[in-house]
Amino acid sequence: MTHEKRGAEAKVGDVVVVHEDNKKRHLWRLGRVTELLKGRDSVVRGARVKVAEKEKKPTSIERPLQKLFPLEMGQYQGGE
């Protein structure tokens, strides 16, 4: 059985939306991937993400890649 590859995988530095089971989608947090986490088989399975907490210091959380959705951001072309 083959697995279809999902869309873009998260990379270090990407801004992502972090899926949270107990919250509605419009309340999911934004974060920046700081580190990719590999499983015992050396395949990237998760990521450490820095998220902002309301009126607190940013904190790091670990989430599986299936719960991270990278945002597509265009490059600024200056003056166009």
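The values are calculated or read from the model by the stated rules, or taken from the named source; none is laboratory data. The structure presented is a predicted model; accordingly, all values stated were derived computationally and were not measured. Note that we place each Cβ from the backbone using ideal geometry, even for glycine, and neighbour counts take in every protein chain shown.
Going by the conditions given, is Ala52 under 10 Å from the mean Cα position of the chain (by Cα) and either modelled with pLDDT under 95 or surrounded by 12 or more Cβ atoms within 10 Å (Cβ to Cβ) (or both)? Taking the combined requirement at face value, the residue does not satisfy it. Looking across Glu20, Glu9, Glu35, one residue alone is assigned to a loop (DSSP other than H, G, I, E, B), modelled with pLDDT of 90 or more and surrounded by 11 or more Cβ atoms within 10 Å (Cβ to Cβ). It is Glu20.
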